[in-house]
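Here's the structure, in structure tokens; my notes come after.
The values are calculated or read from the model by the stated rules, or taken from the named source; none is laboratory data. For clarity, every value in this text was computed on a predicted model and none was experimentally measured. Cβ placement follows ideal geometry from the backbone for every residue including glycine, while neighbour counts extend to all protein chains displayed. The area values use the complete protein model at the heavy-atom level, side chains included, leaving out ligands, DNA and RNA. Shrake-Rupley method; radii C 1.70, N 1.55, O 1.52, S 1.80 Å.
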Amino acid sequence: MSEALSSDIADFTRRHFTFGGKTKPVLCLGDAGPAVIVIHEVFGFTPPLARFCRWIAAAGMRVYAPILIGKPDASNREHVGALDILRLCVSREFTLFRTGRSSPVVDWLKPLARQAHDECGGPGVGVIGMCLTGGFALSMAVDPVVLAPVLSQPSMPVGKPAALDISAADLAIVKQRACSEGLMLRGYRFQGDTIARHEKFETLDREFGTAFAGTELPDSTGNPDGMVSEGKPPHSVFTRDLIDAAGQPTRQAADEIIAYFQAILIA
């Protein structure tokens, strides 16, 4: 199932956005259509993530992929070392262990979503977070401009499988939006994933009821050249552990997400 993916991202445009006195690079792709914010995993921006962004852009939307960790290109390896973990632990932008709190970097991502909406138009924007950033889509949904939040293998806070990395106040706002505006959330994980646990989906089910649609894929549908090759359960639904072939459940999940974005964002 191995696939050669190029680190060349010449089709992307690198821009720099400043909010709250902090400037970060953002990789953009797509000539027209509503905006979708694609937030990378703990690895940073990688060739499989670039592939996923291209699928979204090809479906008529404009991708904004902020670079929060790693190099602002697709040369990042799908590997996390001890030094990487240490940097995350001491970072003031990420809340790794505490419950009931949204990561501070979300305060930078929300104005990015608003600017993307101003630039692209349409009814609102879509957001997908993955792994470390999976819960960011939930926290960003406090902003009315976010209409299509997707939580892919949400993993934080570390060591607390059922907890959500969002403040109680923000959670209440998102729940109210689900009740009054019909906001719908989607989530994806592999059934045997020991990083993004089933308990988190149980919490989301309890908090949002039918407003949350959680999909849990069998481990057997993951790419054997992905996490499984390292003796670990599959984890990265839309990147490393996706099998890009017709009829494969992971590719079908990607197509489902793209259709979800299209249905809500393309009038």
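If a residue must be touching a residue at least 12 places away in the same chain (Cβ under 8 Å), in a helix (DSSP H, G or I) and among the polar types (S, T, N, Q), how many such residues does the stretch 242-267 contain?
2
Taking only the stretch 31-71 into account, find how many residues are of a type in the set (D, E, K, R), within 23 Å of residue 250 (Cβ to Cβ) and over 13 Å from the mean Cα position of the chain (by Cα).
So the answer is 2.
Go through 263, 246 for me and flag whichever is open to solvent by 10 Å² or more (accessible area, probe 1.4 Å) and closer than 20 Å to residue 51 by Cα.
Within the list 263, 246, the selection yields 246.
With respect to residue 196, determine if the residue is over 24 Å from residue 228 (Cα atoms) and of a type outside the set (Val, Ile, Thr).
no
Among the candidates 163, 196, 172, 168, which residue alone is closer than 20 Å to residue 257 by Cα and either modelled with pLDDT of 95 or more or small (Gly, Ala, Ser) (or both)?
It is 196.
Please work out which residue is surrounded by the most Cβ atoms within 10 Å (Cβ to Cβ), limiting yourself to the stretch 73-108 and to residues that are at pLDDT 90 or above and over 20 Å from residue 236 (Cβ atoms).
Residue satisfying both the conditions and the ranking: 106.
Regarding residue 175, is this residue of a type in the set (Lys, Arg) and under 27 Å from residue 61 (Cα atoms)?
Criteria met by residue 175.
For residue 239, are the conditions met, namely being assigned to a loop (DSSP other than H, G, I, E, B), buried (at least 17 other Cβ atoms within 10 Å of the Cβ), within 18 Å of the chain's Cα centre (by Cα) and of a type in the set (S, T, N, Q)?
yes
Being in contact with a Phe, Trp or Tyr (Cβ under 9 Å, 6 or more places away or on another chain), without any contact (Cβ under 8 Å) to a residue 24 or more places away in the chain, of a type outside the set (A, V, I, L, M) and farther than 16 Å from residue 129 by Cα: is that true of residue 205 here?
yes
For the stretch 192-208, indicate whether the set of residues that are in contact with a helix residue (DSSP H, G or I) (Cβ under 8 Å, 6 or more places away or on another chain), under 24 Å from residue 35 (Cα atoms) and not β-branched (Val, Ile, Thr) is non-empty.
For the stretch 192-208, residues in contact with a helix residue (DSSP H, G or I) (Cβ under 8 Å, 6 or more places away or on another chain), under 24 Å from residue 35 (Cα atoms) and not β-branched (Val, Ile, Thr): absent.
Is at least one residue of the stretch 194-217 aliphatic (A, V, I, L, M), over 26 Å from residue 117 (Cα atoms) and touching an Asp or Glu at 6+ places or on another chain (Cβ under 7 Å)?
no
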